[in-house]
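Take a look at the structure set out below.
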Amino acid sequence: MNEEFNKPYDPKAVEEKIYNEWEKSGYFNPDNLPHADKGPFTIALPPPNITGTLHMGHALNATIQDILIRKKRMEGYKALWIPGTDHAGIATQNIVEKQLKKENISRHQLGKEKFLEKIWEWKEKYGDMILGQLKKMGSSCDWSRAAFTMNPQYSKAVQSAFRQYYDKGWIYRGERIVNWCPRCGTSLSDLELEYIEEKSKLWRIKYSIKKTNNLQPITNDFIVVATARPETILGDSAVAVNPKDERYKDLIGKIIILPIQNREIPVVADIAVEKEFGTGVVKVTPAHDFTDAEIGERHKLPAYKIIDERGRMTVESGEFCNGLKIAECREKVIKKLKELNLIEKEEDHTHSVAKCYRCEGTVEPLPSLQWFLKMSELAKLAIEAVESGKVRFHPQRWEKVYLDWLKNIKDWCISRQIWWGHKIPIEGSEDVLDTWFSSALWPFATLGWPAQCEPTTDDKRQTTRCKSKEGGDLAQFYPTQVLSTARDIINLWVARMVYSGIEFMDKEPFNNVIIHATILTKDGKRMSKSLGTGIDPMILIDKYGADATRFGLIWQSMGGQDIHWAEEHVMAGKKFANKLWNISRFVLTKTGDSFVSKIDAGDIKDEASRELLKKLESTKESVNKDIDNYDFGQALHTLYNFVWKEFADKYIEYSKDKNSEEVFSVLSFSLLTVLKTLHPFMPFITEEIYQNLPNKNAEFLMVEEISN
RNA sequence: GGGCGCUUAGCUCAGUGGCAGAGCACCUCGUUUACACCGAGGGGGUCAUAGGUUCAAAUCCUAUAGCGCCCACCA
């Protein structure tokens, strides 16, 4: 027995050494697996953004995927886990910009070329750091295939995808109201907004009605509109009421004198107006509100762009506020209206405001010339994939989130006015693509699409399809089997991968989607770096070891429920590792040269031994079943219970005064079986113990054969 | 406004029709050579509330309350 086999178990002495041995073996690459006689089993790691380091969610997700990959590898599949990182457009640009700001440099001072160099430097540093952290977790990824969403070959995939959409007429350019982040200076898609509740005011403002002639009696000489954004008065081009609202029936068609601007605008009837809200009269600002834009279109109203891309009032807003910031203009307008005695009432009002998901600045709807991808056909593909059951979510309830979004989808604004990203491959456009445009291609772009394709024409769908070249990765490893990811990117990413896979590869990119738990603080708050409520998985690894950290994460993942993080389960994992360590020492000391790796259960006569083997068998079955159902926590509980209660407390105690070959064989066989079954969950310690067995079947436990 | 999830021991959570469970914490005993990161034993719960179905409800149904999340054209 190895003299390292001292007590207690020390993960630090083991984990790095074992990981290096695994890497050296080459077995993370399925091409090198000695007995992979079953089909390929592929998982594409959701590429972490290069914006920082890994958090608990990444750690949980890496563990889940590693469990699946390691189990399949041991079962004889050509197991491939493709790792990589995402360039994460706006997020990365912002973080590098912040970095520069500390040195008092703006990206504009630096210039585009130099700035992009800085980002590439950042990418090298943090990209490597992230991959290093995945290794510390024990992730058995094939690093030789590591991908990055801005690698040269990946860029080719992005261009091919764009071209194919363009050739089909699904990409178009248009001046439309988009979500605009003045701080980032770019458009955003609907999914890139975060809404937060803000306390504000609702102002009731009097708009006077123009007298047409003296013969027409008018009941009031003004009407009252309610608004939360008085500064947009400057861009009003109508006032609208509900056509069925009896109160305002006579008003439809009348002319209103817009305050401050003194512009004449009509009263229109539109179904978008709710009779019950506010006064039932709404001001219409077609350039700066999505609903108002629709009303404007229906009534052919002019759109005055009064707010510009920097969040300042434009010339078109008039001399009154020209050049002011939005908030300044609001103050000024309110002051003026008060002077004119046009504010009837000012009341407290809470409403949700759209914020940029990357910088938290307020997003302004404004008209802008952008590129769009037509979604109607693509959405159909993604909907069908889930409704037909070809793609399944676990837990299933997330399918609703996916389908609800796809069924109400709008065209996707794919252009961004930032520097870091894939340039739109059209002459004269400086825009880059939404970072999710490239992420959407991940499951096949990482495997060599489109280089490994022979294009074939599909008349039915009038599209060029990819027929994967034989022998290449794409033919061999696409589609992947499972995707495991966080719930907040179901639509942002999962849905887009599904239709992209079908559109370009004619095959869903995966059949099963695991939506793993979200990890919250103990009192149910979001873990956040800025609030200091986050927990760094690397610190846990340092304190308790990677196996214990993985144990703690999985122990708490039950049925996809959110996890209120409790560190004591990681400590339990550390104790369990130590228990296993001592069990192994006992078994190895006791059995010595009699250690056997195979037994014939039928030959065992001893009653307690037969009983243990029965329980061992049912534990194995139960664990396999649970993993197949993605009930990882349940599987670990079952295994833990067997090892500690049945094997250690009962059988090992029983075996102490027995010295028969029969008992020795049951002890050794049970230990080996436990190591194999537990290896996907706690790979380091199980591998280390395996290395100390007197006779073993394989070079590494990682490639030991197990049956399912 | 719509949707989803949760509420079980001090804490974190399993348990989906048949005697209330685990980990941690707590108490008692135990320096038996695998392990004190241990072993043997123990205390502790009106299963959010109200009503219903059933021989039987933590579990199924209805309503209510609280917590959390998501979506929406919240003027």
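Derivation of every value follows stated rules applied to the coordinates shown; laboratory data play no part. Note that the structure is a prediction, hence the values are computed from the model and not measured. Using ideal geometry, Cβ is built from the backbone for each residue, glycine included, and neighbour counts are taken over all protein chains shown.
How far apart, in nm, are two points set 7 Å out from the Cα along the Cα-to-Cβ line at A:Arg610 and at A:Lys575?
Those two pseudo-labels are separated by 3.5 nm.
Sum -39500 (n - 2.57) across every DSSP H segment of at least 4 residues in chain A, then divide by the residue count to get the 222 nm mean residue ellipticity, nearest 500.
Estimated from H runs of four or more residues: -11500 deg cm²/dmol.
To make sure I understand, if each residue's beta carbon is the centre and we count other beta carbons within 10 Å, what order do A:Asp270, A:Asp236 fall in, fewest to most? Walk me through the intermediate numbers first.
On the way: A:Asp270 20, A:Asp236 28.
In order of increasing Cβ crowding within 10 Å: A:Asp270, A:Asp236.
Eight or more residues apart or on different chains, and alpha-carbon atoms under 29 Å: count the Lys pairs in the range A:400-465 matching that.
Lysine pair count for the range A:400-465: 4.
Can you give the Rg to Rh ratio for chain A, taking only C-alpha atoms and Rh from Kirkwood?
On the way: Rg = 31.6 Å, Rh = 29.2 Å.
The Rg/Rh ratio comes out at 1.08.
Report the label-to-label distance for A:Phe277 and A:Leu110 in nanometres (one decimal), using points 7 Å from each Cα along the Cα→Cβ vector.
About 4.2 nm, to one decimal.
Given Cβ point charges of +1 (Lys, Arg) and -1 (Asp, Glu) and nothing else, what value in debye, to the nearest 20, does the dipole of chain A about its Cα centre take?
1460 debye
Could you grab the relative contact order for chain A? Cα pairs under 8 Å, six or more apart, rounded to a whole percent.
Relative contact order, chain A: 16 percent.
How big is the dipole moment of the range A:19-124 about its Cα centre under a simple scheme where the beta carbon of each Lys and Arg is +1, that of each Asp and Glu is -1, and everything else is neutral? Debye, nearest 20, please.
Result for the range A:19-124 is approximately 240 debye, rounded to the nearest 20.
Using the scaling law 2.2 N^0.38 Å as the reference, what is the normalised Cα Rg of the range A:22-175?
Taking the Cα Rg and dividing by 2.2 N^0.38 Å, one obtains 1.28.
Pulled fully out, how much extra length does the chain show between A:Asp593 and A:His299, if you take 0.36 nm times their separation in residues and subtract their Cα-Cα distance? Intermediate values should be presented prior to the final figure.
Values: separation 294, 0.36 × 294 = 105.84 nm, distance 9.10 nm.
Full-extension gain reported as 96.7 nm.
For A:Asp167, A:Asp603, A:Asp142, which order do you get if you count the other beta carbons within 10 Å of each Cβ and list the fewest first?
With the sparsest Cβ surroundings first, the list reads A:Asp603, A:Asp167, A:Asp142.
To the nearest whole percent, what portion of all C-alpha pairs in the range A:502-591 is separated by more than 23 angstrom?
Values: 1777 of 4005 pairs.
Cα-Cα pairs in the range A:502-591 separated by more than 23 Å: 44 percent.
First measure r as the distance between the Cβ atoms of A:Asp649 and A:Lys7, then evaluate 1/(1 + (r/R0)^6) with R0 = 25 Å and state the FRET efficiency to the nearest 0.05.
Computed FRET efficiency for A:Asp649 and A:Lys7 comes out at 0.85.
Starting from the range A:256-317, pick out the GluC sites (Glu not before Pro) whose DSSP state is loop and whose Cβ has at most 15 other Cβ atoms within 10 Å. If you can, show how the numbers build up before the last one.
Details: sites: A:Glu264, A:Glu274, A:Glu276, A:Glu294, A:Glu297, A:Glu309, A:Glu316; in loops: A:Glu274, A:Glu276, A:Glu309.
Loop-located and lightly packed - A:Glu274, A:Glu276.
What number does the range A:539-696 give for Rg over Rh if you use C-alpha atoms and the Kirkwood radius? Before the final figure, lay out the partial values.
On the way: Rg = 15.9 Å, Rh = 16.2 Å.
Using only Cα positions, Rg/Rh for the range A:539-696 is 0.99.
Which ³J(HN,Hα) values in Hz, rounded to whole numbers, follow from the phi angles of the range A:684-691 under the Karplus curve 6.51 cos²θ - 1.76 cosθ + 1.60, where θ = phi - 60° and Gly and Pro get x?
Per residue, the Karplus-derived 3J(HN,Hα) values read 5, 5, 5, 5, 4, 5, 4, 4 Hz.
Just subtract the alpha-carbon distance of A:His35 and A:Phe586 from 0.36 nm times their residue separation and send over the number in nm, one decimal.
That works out to 195.2 nm of additional length.
What ranking do A:Val703, A:Val623, A:Val224 get, fewest neighbouring Cβ atoms within 10 angstrom at the top?
A:Val224, A:Val703, A:Val623
Can you give the local net charge around A:Thr480? Use residues other than it whose beta-carbon is closer than 11 angstrom to its beta-carbon, Lys and Arg +1, Asp and Glu -1.
Value of the local net charge: 0.
In the neighborhood of A:His55, defined by Cβ-to-Cβ distances under 12 Å, what is the net charge if each Lys or Arg adds +1 and each Asp or Glu adds -1? It would help to have the intermediate numbers written out before the result.
Numbers: positive: A:Arg526, A:Lys529; negative: A:Asp536.
Summing Lys and Arg as +1 and Asp and Glu as -1 gives +1.
How far is helix A:398-407 tilted off the main Cα axis of chain A, in degrees rounded to 10, range 0 to 90?
Once rounded, the angle reads 30 degrees.
As an exercise, identify the trypsin sites (Lys or Arg not before Pro) in the range A:390-452 lying in DSSP coil whose Cβ has no more than 15 other Cβ atoms within 10 Å.
Sites meeting the loop and neighbour criteria: A:Lys390, A:Arg397, A:Lys410.
Quick check: Cα centre of the range A:289-314 to Cα centre of the range A:117-192, how many Å?
What the calculation gives is 31 Å, centre to centre.
For the range A:535-652, give the magnitude of the charge dipole about the Cα centre (Cβ charges: +1 Lys/Arg, -1 Asp/Glu; no others), in debye to the nearest 20.
Result for the range A:535-652 is approximately 380 debye, rounded to the nearest 20.
Report the extension gain between A:Lys345 and A:Arg392 in nm, rounded to one decimal, defined as 0.36 nm multiplied by the number of residues separating them, less their alpha carbon distance.
Extra length from A:Lys345 to A:Arg392 when fully extended: 11.6 nm.
At most 13 other Cβ atoms within 10 Å and a DSSP loop assignment: could you name the GluC sites (Glu not before Pro) in the range A:1-80 that fit?
The qualifying sites are A:Glu3, A:Glu4.
Among A:Phe437, A:Phe632, A:Ser655, whose Cα sits farthest toward the positive end of the charge dipole of chain A (+1 at Cβ of Lys/Arg, -1 at Cβ of Asp/Glu, about the Cα centre)?
Highest projection toward the positive end goes to A:Phe437.
Considering only the other residues whose Cβ falls under 14 Å of the Cβ of A:Ile604, what net charge follows from Lys and Arg at +1 and Asp and Glu at -1?
Neighbour charge sum, excluding A:Ile604 itself: -2.
Relative contact order of the range A:3-90: what whole-number percent is it, with Cα pairs under 8 angstrom and at least 6 residues apart?
For the range A:3-90, the relative contact order is 38 percent.
For the range A:546-636, what class follows from the C-alpha gyration tensor (a ≥ b ≥ c being the square roots of its eigenvalues): rounded when a/c is under 1.5, otherwise prolate if a/b is larger than b/c, else oblate?
oblate
Apply 1/(1 + (r/R0)^6) to the Cβ-Cβ distance of A:Glu197 and A:Lys469, taking R0 = 45 Å, and write down the FRET efficiency to the nearest 0.05. Don't jump to the answer; show the numbers that get you there.
Working: r = 54 Å, r/R0 = 1.19.
The formula returns an efficiency of 0.25 here.
What FRET efficiency, computed as 1/(1 + (r/R0)^6) with R0 = 25 Å and r the Cβ-Cβ distance, is obtained for A:Glu16 and A:Glu567, rounded to the nearest 0.05?
For A:Glu16 and A:Glu567, the calculated efficiency is 0.65.
Using a 7 Å offset from the Cα along the Cα-to-Cβ direction at both A:Glu117 and A:Asp404, what is the distance between the two label points in nm, to one decimal?
Distance between the two pseudo-spin positions: 4.9 nm.
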